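Heads up: the structure comes next, in structure tokens.
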Amino acid sequence: MSQTREKLKHSLEMAFVISPFESARISSIDIEEATQLKGVHSVLTWADVNGKNNAIGDLGDIPLFAQDEAAFIGHLVAVVVAERASIAQAAADLVRVDYKPNPPVLEIEEALKLSSFHSDPQELFHEGQFLGEPDGLEEIDRSFVFLDHVCLQELGSVEANVVDSGGISVSIEGSCDSLVLTNSIASLVGLNEEQVEVNCERSIGCNDGRFSQLSICAGLAALCSFKTGKLVRFRPSNVPKEMLSSRSGQVQARVHFSHDSSGRIKSIDCNVDVDSGSAAGMSDSFRDSLMSHFDNVFSCPQVRVSCSLCKTNRTPSLISSKDGLALGVFISEEIVADINSRINGSIHSLRKMNFSHFMNDENQDNEKFRAGYEVISEAWNSLIEDSSYKERQEQINQFNESTSHYKRGIAAVPVKVDELTKTVHENESGLVEVTPGYSFGVAVAEAQVDAFTGEVFLIRIDVLQLSTNGLSSALQTSEMSASFLDGLRNYFFLSTEGTGLGLSDSLLLGSRIVPDDLRFDLMDHGENLVRFSSSVSYCLSMSVYQAVRKAVRQYRKSLSLVDLPLILNPESVYNAIHDRDS
């Protein structure tokens, strides 16, 4: 018998007991009959967790096991470990759980009415002096709804085994962020990170729904192996689908802003409510990055932003910092576009007038900031000129006038990232100091939409990223390419089913989503910054999304954000074109 077959012969399998209710108190869990079944090695509940009953470690709070209360359909109550999957499932059917169902909270409006929050709503408020008379300001109200998105990720098998030193070794058939997963497993099992070894086929950074699902299955396998002292396998085929789903969570945003006749924004009041589901997940980082965006980007005298993480009885939502920044960028662009439609000015001039990272105020005392603004303005002007933006706009207008089946759109979007970049240098004592820096990326995207099928084709994309001389051009261009893929994952998936799969690199590179003309450029701004490539992801995502919206607006002049969900597939684009509920 081969070594692999021998290992599988002696491995243990798992089966799962999950809640059938959105919300229910758990009065008792009776595992006695299940433990007596021949071939069963252990039945685990929350009481058997050595460390913290949390599936994602330091990234948030998602209880792995339901303790006194099951918070959503599919919430894990118990896991059975047995010699065969059939035995484990038979034992799981013998676990008796006494549920006392509660009325569930399922919508944001319901959570707001009942003051059901994970924490107190947080607010950012800055107030300065108005320059000139505030009379005659144009006041505008906008509402946005970002639809909930469910992710069902295809997971490979996971094996966990105790090692001689008392630690745990976990092998994953698939891709993962091994460092983050090591942290979550160590926290769950109650070990030091040095005692946990995670091996996977490919190491990637992944902090969305795919991570939560992988963290649950890897954590369970590690905990069961630690308790039984045996090799334990997790096979997705044995798992109820409710355990493998995660959500992005619905987001509602309401914005009230005012501007003068020149288009200069005087005040912004933005209220955001997030359906975080039954657990906070990573939504706190979403909230922090959203507020940071408004704090760093707008130069108007008064900015007020509030954000509530609503607690509902749905599966935990995984909304992270990148989503908060992307939402902030989207709202910023919508505000500028709304003002532009009223005063019929230049949208690029409005950005420079209202975004602090375009300001070049000679009265500013900080020379370094002034130099930074000059570099950013130079980068923006360079991209607009090098991409032939104005000429392409004229060509697109001619194309749309002469073609009924296809429509095209073009959009240029800038993104500045403050909190995600750091300057590293040595001080006089030889110690390394880390101070905040920034990263800046801009992109021009041209997209074409097929009215008959709803398909989106990216025709051309030009990207410019501020660069540091500390990294090679080849390495930075490689990071930009990877970030391009990540950016498109945020807004597109290929499946037309309601629970579409996230894009993989192989699918993207082999699809028509990637344009033939994709140009990455670097601009050295002379600062020794450790550049963070996420800004490329954000500006690409927003430029592509805005370009698609402009193309669809050629069919429907009344298009609103609700008509076109942030996650684009052919069905949603087709419905938006033909005025259907999307």
Quick one: would you say Asn183 is surrounded by fewer than 22 Cβ atoms within 10 Å (Cβ to Cβ), under 16 Å from Val232 (Cα atoms) and not small (Gly, Ala, Ser)?
no
Residue list for the range 277-293, filter: crowded, with 24+ Cβ neighbours inside 10 Å, touching an Asp or Glu at 6+ places or on another chain (Cβ under 8 Å) and closer than 23 Å to Arg304 by Cβ
Phe286
May I ask you to list the residues in the range 240-285 that are closer than 17 Å to Ile73 by Cβ and hydroxyl-bearing (Ser, Thr, Tyr)?
Ser245, Ser246, Ser276, Ser278
Output the residues belonging to the range 279-303 that are polar (S, T, N, Q), farther than 24 Å from Asn340 by Cα and touching a strand residue (DSSP E or B) at 6+ places or on another chain (Cβ under 9 Å).
Ser283, Ser292
What number of residues within the range 31-41 are surrounded by 14 or more Cβ atoms within 10 Å (Cβ to Cβ) and not polar (S, T, N, Q)?
6
Any idea which of Asp61, Asp48 is out of contact with any helix residue (DSSP H, G or I) (no Cβ under 8 Å at 6 or more places or on another chain) and not assigned by TED's automatic domain parsing to the domain that holds Ala279?
Asp61
Do any residues in the range 211-238 that are part of a helix (DSSP H, G or I) have Cβ atoms under 9 Å from those of residues that are aromatic (Phe, Trp, Tyr), where the two are at least six apart or on different chains, and which pairs are they?
Cys217/Phe234; Ala218/Phe234; Leu220/Phe16; Leu220/Phe234; Ala221/Phe234; Cys224/Phe234; Asn238/Phe16
Looking at the range 302-333 only, could you name the residues that are modelled with pLDDT under 85 and over 15 Å from the mean Cα position of the chain (by Cα)?
Glu333
Is it true that some residue in the range 154-161 is more than 30 Å from Phe330 (Cβ to Cβ), at pLDDT 85 or above, surrounded by fewer than 16 Cβ atoms within 10 Å (Cβ to Cβ) and not assigned by TED's automatic domain parsing to the domain that holds Asp260?
no
For the range 239-286, the count of residues that are in contact with a Lys or Arg (Cβ under 9 Å, 6 or more places away or on another chain), of a type in the set (S, T, N, Q) and part of a strand (DSSP E or B) equals 4
Report yes if some residue within the range 65-81 is charged (D, E, K, R) and over 27 Å from Gly277 (Cβ atoms); otherwise report no.
no
Please work out if Lys38 is out of contact with any strand residue (DSSP E or B) (no Cβ under 7 Å at 6 or more places or on another chain), closer than 20 Å to Ala221 by Cα and assigned by TED's automatic domain parsing to the domain that holds Gly167.
no
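The values are calculated or read from the model by the stated rules, or taken from the named source; none is laboratory data. Every value quoted in this text rests on a predicted model; they were computed, and no experiment measured them. Don't worry about glycine lacking a Cβ; one is built from the backbone with ideal geometry, like all the others, and counts go over all protein chains shown.
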